[in-house]
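The values are calculated or read from the model by the stated rules, or taken from the named source; none is laboratory data. As the structure is a prediction and not an experimental result, all values here were calculated from the model. So basically every Cβ, Gly included, is an ideal-geometry build from the backbone, and we count neighbours across all protein chains shown.
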Amino acid sequence: MAKGIARRQVASALAGAPLFWSFAARGQTAGKAARIGFLYPGVASVTPTRIVALREGMAAVNYANAERVEVVVRASEGDPTKLPSLAAGLVDGKVDVILAISPSAVAAAKAATTMLPIVANDLESDPIRSGFVTSLARPGGNITGVFSDFPDFGMKWLELLKEALPALVHVVAFWDPATGPTQLAAVKAAGELLKVAISVVEVPSIAELQRAFANADELHPEAVVVLSSPIFGTNPKLIADLALAHRIPIATLFSEIARAGGLMSYGPNLLGTFVQTGTMVGKILQGAKPADLPVERPTKFELLINAATAKALGLTLPTAVLLRADDVIE
């Protein structure tokens, strides 16, 4: 009788155990390292620092095998048309989680699987309007992640540019159509409020960057706003060099562009967003469901001013702007 009760107790305990039991047994107890698919629309050469931040986030939630996890990088090298096949390859390769960077990567992963967990690092779109989640508090499907569609970024960039360039009346916005309309609409709305005309130059691929600056020259703006896209974020030196060659001040989300020679950046700390997504990946590998993990927003923001670039462009930046900067590059 005692043996029967014991067997029933064990069976009951197993039936009521968290759904992650089999996952944990496969990924940790059995000694097999988990595999994370890293779906990236930019260039593979910049992924190592992002993967370090990813592992840091996983370790922060006590995922024991953060250093042993295999990260399978699939980068489209700036060609978004490759993302669907890359996403399908990750699914076929039986990764445990897909980390998808950018709206186009999230959409490709979503189309490739309804079963595998997907963690987004999407700094461009509204996750509900895009159809990625049903609500921020309870995403409801197999997707969660870090999303940023703050409209005040556009206002902040134009305000900073107006302080640096008091005569500012015309700005060109570089926009990657694959990122959706949210941030472009925000910049246009900010332009109306600040009485700054906004012209749009579409940049659908890395190969179009030189043409984009040539087109901007023809429009004769006082400055360029580089909106958020992996096309831009993974090519900071190219963008900074082109801006200096065309003698055009630029404002952007990406601090790496400002550090490489762009005039200024304001936005989330990019590596900080990878730490955040790492914590979410770590939780999922320990049994959490994407459906129950609330969508997060970036938590660290920074303003960088490149004073050396301002000097090269013949600009005198107001002291008030320099004092507000988290970092001034001399």
- Given the conditions (1) out of contact with any Pro (no Cβ under 6 Å at 6 or more places or on another chain); (2) modelled with pLDDT of 95 or more, every one holds for residue 81 apart from (2)
- Message: Show the residue pairs meeting these rules: Cβ distance below 9 Å; 6+ apart or different chains; first residue within region 133-161 and of a type in the set (Lys, Arg); second residue outside any loop (DSSP other than H, G, I, E, B).
- Response: 138/291; 138/292; 156/190; 156/251; 156/266; 156/267; 156/303
- Query: Under the condition of being among the aliphatic types (A, V, I, L, M) and either part of a loop (DSSP other than H, G, I, E, B) or out of contact with any strand residue (DSSP E or B) (no Cβ under 6 Å at 6 or more places or on another chain) (or both), which residue from region 60-86 is farthest from residue 238 (Cα to Cα)?
  - Reply: 64
- Note on the structure: Just one listed residue, out of 108, 112, 59, 44, is under 28 Å from residue 136 (Cβ atoms) and surrounded by fewer than 23 Cβ atoms within 10 Å (Cβ to Cβ), and it is 59
- Count of region 16-56 residues which are within 23 Å of residue 110 (Cα to Cα), touching a helix residue (DSSP H, G or I) at 6+ places or on another chain (Cβ under 7 Å) and at pLDDT 90 or above: 8
- Note on the structure: Checked region 208-244 for anything among the β-branched types (Val, Ile, Thr) and either more than 23 Å from residue 185 (Cβ to Cβ) or without any contact (Cβ under 8 Å) to a residue 40 or more places away in the chain (or both); matches are 234, 239
- Message: Looking only at region 288-314, filter to residues that are part of a helix (DSSP H, G or I) and aliphatic (A, V, I, L, M); which one of those is nearest to residue 328 (Cα to Cα)?
- Response: 307
